[in-house]
1. Anything in region B:70-100 that is within 26 Å of the chain's Cα centre (by Cα) and surrounded by 21 or more Cβ atoms within 10 Å (Cβ to Cβ)? List them, or say none.
2. On the basis of being hydroxyl-bearing (Ser, Thr, Tyr), closer than 21 Å to B:Val102 by Cβ and modelled with pLDDT under 90, does B:Ser174 make the cut?
3. Pick from region A:72-88 the residues that are in contact (Cβ under 8 Å) with a residue 24 or more places away in the chain and surrounded by fewer than 18 Cβ atoms within 10 Å (Cβ to Cβ): which of them is farthest from A:Ala278 (Cα to Cα)?
4. For region A:13-54, name all the residues that are surrounded by 14 or more Cβ atoms within 10 Å (Cβ to Cβ), modelled with pLDDT under 70 and away from every other protein chain (no Cβ under 14 Å).
5. Can you tell me which residue in region A:477-525 is nearest to the other protein chains (Cβ to nearest Cβ), limited to those that are without any contact (Cβ under 8 Å) to a residue 40 or more places away in the chain and basic (Lys, Arg)?
6. Would you confirm whether or not region A:202-219 contains a residue that is more than 30 Å from A:Arg549 (Cα to Cα), out of contact with any helix residue (DSSP H, G or I) (no Cβ under 6 Å at 6 or more places or on another chain) and crowded, with 16+ Cβ neighbours inside 10 Å?
7. If you scan region B:93-114, which residues turn out to be assigned to a loop (DSSP other than H, G, I, E, B) and within 8 Å of chain A (Cβ to nearest Cβ)?
8. When you go through A:Leu139, A:Leu104 one by one, which is the residue that is over 28 Å from A:Gly85 (Cβ atoms) and in contact with a helix residue (DSSP H, G or I) (Cβ under 7 Å, 6 or more places away or on another chain)?
Amino acid sequence: MAQTLESDRAFPASIVRWLKPLRNNWAVISAVLILVLLVVVPLALLIVTSLRVGSPGNLGDWTLEKYRIAFSTSLVFEAFTNTIGVAAIGTIISLVLAGTFAWLVERTDMPFRNAAFTILLLPIAMPSILFVLSWTVLLQPRTGLINVPLREILEWFGLSMREGPFNIYTLGGVIFLDSLRGVTTIFLMLIAAFRLFDANLEEAAKVCGAGTFETIRRVTIPLLTPAILAAAMYSFISSLDQFEAALVAGLPGQIFLLPTLIYFTVQMRQPVDYGLGAVYSVFFMLLMILLLVGYRRIVSKSERFVTVSGKAFRPTRISLGRWRYAAFAFVALFGFVTIILPALVLGWLSLLPPNTPPILGTNARLSFDVYLTMFSNPRIATIAGNTIIMLAATATITMAIAFLVSWAIVRGRGRGRGILDGLSFLPYAFPGVTVAIALIFVFLNPPGNFIPIYGTLSILVVGLTVIYIAFATRLMNGAIAQVGRELEEAGRTSGATQFAVMRRITLPLLMPAFLAGWIWVGSHAMRSFSIPLVLSSQRNQVIAPEIWRVWQRGYLSEAAAYGVILMLILLPITMWMRHLMLNTGRGMNGGGGPRTES
Amino acid sequence: MLKVDNLRKSFLSDKSVVHAVDGVSFEVGAGEFFTLLGPSGCGKSTTLRCIAGLENITSGRLLIDGELVASDKIFIEANHRPIAMVFQSYAIWPHMTVLENVTFPLSYRSAEASSRASRITRRELGMEALKMVQLDHLADRDAPYLSGGQQQRVALARALVVHPKLLLLDEPLSNLDAKLREDMRYEIKELTSRLGISTMYVTHDQAEALSMSDRIAVMSRGKILQLGTPREIYLEPQSSSVARIVGNINVFRGKKAGGSTSPMQNEIRLASGTIFRCPVVEGRSLNEDVEIMFRPELVRVRSRSAGLVSDEPDKVNTFNAQVKRVDFTGDHLKVHFETPDGEVIAKLPPDQVLPPNGEVSLVVRVENCTAH
């Protein structure tokens, strides 16, 4: 019965008053509990571990020693500078590219605009690790597929060199890879802003006598500035956490970025030092959280600014004249560099016989042997099975939690909501590596160690859920807000309990959004890299880190074949997402936008 | 059936407290059609939502059928109150068929707990409810493929299927077009009185309130201004605010003058010096401020040449006016007149002839005036 008597005189009145909004509201309470377990506990253990002498399982005494060690060498500052530098330069480059592309697609008469939109989305089908690996083959200083012919050309001009001219294993290489990877996300965010833009505002300026250029300068750009800033900030935060390029292109040249420094400290160097890794992680997270607070400020401002009009009116497109085809060629070039070239390289690699170095002009016979042997290898079945279980479990659990949390945020009452909103957004600031090592601490130390999931698929699912919960909650927030409150209230006045209303009314109505989120989380979990890399052992291998491990052991053709198969699976999912986005206008990229980075 | 006792509901908004419902008390008898009428934001919908159990109350008491359902200590949730509700947006679930919508409450309302066992009984009860609103032929259609009026009927059927003790209607007609609205008014009234269900109706439309209700409570700013039958509310409003909420009104201000011409009449001296007769204002002494009100449709026009002298001077007020603006709306003429004491609006028959110079006399019967 839902009768509640407020006669608990055992509690002080202040506590009773504070708890009052929470009573009868199990949704808010359970949502807070789940988020505390998923978000606050790992964060707390990270901080605790950073203050202890020992390692997980044997923490030892409290100490500040690790902080002293961390900040007495220049390593962390170097990594900090590199990380900020890569993210800043990468963001500027991707912002300029993405801004140009978004403008071309939405506001000009560039030909083949739908094709251009598809090209700009396709990088989603190419997991970062594959993109990065194939570009190391292309720009390897000595044997790089681009470097070798380029050196020959330079030879004609009398320039003779043994290496280069390009070297992917440099800071410049990392920036190159990062900036190209960042374009799609910013592009989608800017497209959303362009589409929400009310063309009447521009027309009003024109009617007032302003020319096209004046209108763009005095109306369009000022109105879009918050959206552009938000996209830039968002991309910057994502860039800070980018891992694959830093690992594959940075580490061989001893170029540390914060994520790779953490990874190096807890996994690669001898002996590993978890405490030190925790210190770096705390430092890194602090940085991310600060930036996230800034991001939210900008976003809340831009939301106030954005002039949403339900009108399906399209503003007039600007004529590019003779440059129309050049503009499309520019987009096509981007597609060539980010998708076609890497995909060709991977395809070619996968056809090379094993143990053949990927050198241009090799006379090795190309064959599909590696694919044929792959399917007779039972290990593949295990990895495929693991990956499918992981993505299905992650997507289902993440969306279920997101549904509960969003429902509590949008429909709940009282004080819990603000906390929930903050808690569910916080994981945006969690770098993948950091979440992974935090989970090591959680599940190897008491009291977490009595749940024996370390080294299993479950711990991967937990880690990925933490990372994706932020986006999934944003998506569900929007979806639930669109379900009229009265539809639920009609259920209550028809006699149904809150739970029955959720089950029979809210959830069925939200199915489309739920499914879209499921696919988004699933496809990201499938290509997730940093979390499984840190958390996987022999028993819980999944595809993306496995590609990297196989590659490192020198089986390039096998790794490439895995990659080709992964891309073939991701391609239809990407096309489906494109369909979804084109049909809804705002698509899945309203609000915060997704982290396309894995 | 329903007893609302000093109900208060406050919200926190931007750190200031808003008293949406500020001490409202009334009772609804068994089988009564009771309406809360007021402008948007007056607290009428909030009052209804408190009764439904969709909002917790801040203070006061709510009793439905003698059972305490809300006080500062007790809060019975909506699904445990013997009510049914129709929402402004109809709130028809788009993922169900018409019949599924209508039978939904049968799974939960305790009175029909027995029918939970039998799908056939549920279907029959649902069809019966749909027949009441003449939609039984659409039972298996998906709910989104209905017109607004049909959705409205489905919502009504869904509310009536469990034979609730108290039916709550939250501006149910405001999203319908004018013609349909009039038909539905009659239909709802007919259904509820036939079934003998106590009904709580919330609207901002005075025509709905006046034509359907047994009693009306006029609300403004969280308080009930006047409670009474439609006739009382319309013809004897206790203040100009009430009069304005239930229709258009002309207001003259003046001071009580001496020398009643009859025991039932007062003389009021208007600002221009004109003497206006109106029913007795109790408790006012000489020279005190008095407000006189009369409805535009009770104003008559007489040509100036007929003179100001009336055949029954005791029973009418006659005064000069100048036509300012004429709005032809089809079924009547809405004429704005200028008088020395302010603007007067008259609602006249469409064939009313007005003199070319616009100079007329206006006549208002004393009994059609109210004064405060």
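The values are calculated or read from the model by the stated rules, or taken from the named source; none is laboratory data. Predicted model, so just to flag it, every value in this text is computed and none were measured. Don't worry about glycine lacking a Cβ; one is built from the backbone with ideal geometry, like all the others, and counts go over all protein chains shown.
1. Step one: filter region B:70-100 for residues within 26 Å of the chain's Cα centre (by Cα), giving B:70, B:78, B:81-92.
Scanning region B:70-100 gives B:Ala70, B:Ala78, B:Arg81, B:Ile83, B:Ala84, B:Met85, B:Val86, B:Phe87, B:Tyr90, B:Ala91, B:Ile92.
2. Values: hydroxyl-bearing (Ser, Thr, Tyr): yes; closer than 21 Å to B:Val102 by Cβ: no; modelled with pLDDT under 90: yes.
Judged against the criteria, B:Ser174 is not a match.
3. Residues of region A:72-88 in contact (Cβ under 8 Å) with a residue 24 or more places away in the chain: A:75-76, A:78-80, A:82-88.
This time we only want the ones that are surrounded by fewer than 18 Cβ atoms within 10 Å (Cβ to Cβ), so: A:75, A:78, A:84-85, A:88.
Values: A:Leu75: 15, A:Glu78: 18, A:Ile84: 20, A:Gly85: 23, A:Ala88: 25 Å.
Of everything passing the filter in region A:72-88, A:Ala88 is farthest from A:Ala278 (Cα to Cα).
4. A:Leu19, the sole residue that qualifies.
5. Quick first cut of region A:477-525, residues without any contact (Cβ under 8 Å) to a residue 40 or more places away in the chain only: A:482-484, A:486-487, A:489-497, A:499-501, A:503-505, A:508-509, A:511-513, A:515.
Cutting the leftovers down to basic (Lys, Arg) gives us A:492, A:503-504.
Working: A:Arg492: 4, A:Arg503: 12, A:Arg504: 8 Å.
Result: A:Arg492.
6. Yes, region A:202-219 contains a residue that is more than 30 Å from A:Arg549 (Cα to Cα), out of contact with any helix residue (DSSP H, G or I) (no Cβ under 6 Å at 6 or more places or on another chain) and crowded, with 16+ Cβ neighbours inside 10 Å.
7. If we filter region B:93-114 for residues that are assigned to a loop (DSSP other than H, G, I, E, B), which is where we start, we get B:93-96, B:108-109.
If the condition is that a residue be assigned to a loop (DSSP other than H, G, I, E, B) and within 8 Å of chain A (Cβ to nearest Cβ), then B:Trp93, B:Pro94, B:His95, B:Tyr108, B:Arg109 are the ones that fit.
8. Details: A:Leu139 fails: over 28 Å from A:Gly85 (Cβ atoms).
When all the criteria are applied, what remains is A:Leu104.
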